[in-house]
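The values are calculated or read from the model by the stated rules, or taken from the named source; none is laboratory data. Since this is a predicted model, take the numbers as computed values, not measurements. Cβ placement follows ideal geometry from the backbone for every residue including glycine, while neighbour counts extend to all protein chains displayed.
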Amino acid sequence: MFTFEKLPFAYDQLEPYIDGATMKVHYEKHHQTYYDNFVKAIAGTSLVDEDDIKVIFAQISNLSPVIRNNAGGYWNHSFFWQELTPQEQKLPIGQSAEAINKTFGSFDSFKEQFKQAALQRFGSGWAWLVNTQQGLLIISTQNQDNPFMDVLEIQGIPILGIDVWEHAYYLKYQNRRADYIDAFWNLVNWDFVEKKYLQASTIN
Ligand code: MN3
């Protein structure tokens, strides 16, 4: 059973970095539609009985584009909401902070590389920090593809992601994707990132 979960904050709580109107449309229209279409697309197939969406992602190359886009859209947004917080935590913590510093030289250097990946994603998609057998990596995916999907050259376990579809920022930032990415750093829930990093390290 795949569920559509509540937002962990009110629509306007991420202001001024992400405005309430954008959050409302993003969650109620975009995310809800991905979820509804995903559920519709797997209805009547054996995928309905899956309780781990990663099993679906691992065979996505054999499934329809409708399932690929909507399963990804559903999961990516669920992850994104949990990863954001109004608390303005500012800095990574714990073992994920250490791994980021070790891999990228410094937090600032990581932010810069992550921003470049997010800026260079042509059209719609996501940039991700993922954990792999080789350690942390920054990747980007097109459309609603997800780091677990078997279609990707480099797969990994998502630790952090940013939605760079225009629907995520256009009302406030118009074409200024770079400004939206800069503002995003005020919203990252580093407790969540640390939790994901520790889980991913256990799996590896
Ligand atoms: Mn989105």
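Annotations
- Search result, residues across the range 75-92 that are among the polar types (S, T, N, Q) and farther than 14 Å from LEU160 by Cβ: SER78, GLN87
- Residue list for the range 127-163, restricted to those being away from the ligand (no atom under 16 Å from the Cβ) and farther than 18 Å from VAL193 by Cβ: GLN133, GLN134, MET149, ASP150, VAL151, LEU152, GLU153, ILE154, GLN155
- Hits in the range 90-122 (condition: closer than 30 Å to GLN32 by Cβ and surrounded by fewer than 17 Cβ atoms within 10 Å (Cβ to Cβ)): LEU119, GLN120, PHE122
- Among the residues making up the range 5-53, those that are part of a helix (DSSP H, G or I), more than 14 Å from the ligand (Cβ to nearest atom) and hydroxyl-bearing (Ser, Thr, Tyr) are TYR11, SER46.
- Residues being surrounded by fewer than 17 Cβ atoms within 10 Å (Cβ to Cβ) and either closer than 18 Å to TYR169 by Cβ or not hydroxyl-bearing (Ser, Thr, Tyr) (or both) - total across the range 64-85: 3
- Considering the range 99-191, the qualifying strands (runs of 3 or more DSSP E), each wholly inside and each with 1 or more residues that are farther than 24 Å from ASN70 by Cα, run over 125-132, 135-142.
- Residue in the range 106-116 that is within 13 Å of the ligand (Cβ to nearest atom), modelled with pLDDT of 95 or more and of a type in the set (Asp, Glu) present: no
- Tallying residues that are within 10 Å of the ligand (Cβ to nearest atom) and not acidic (Asp, Glu) within the range 164-184 yields 5.
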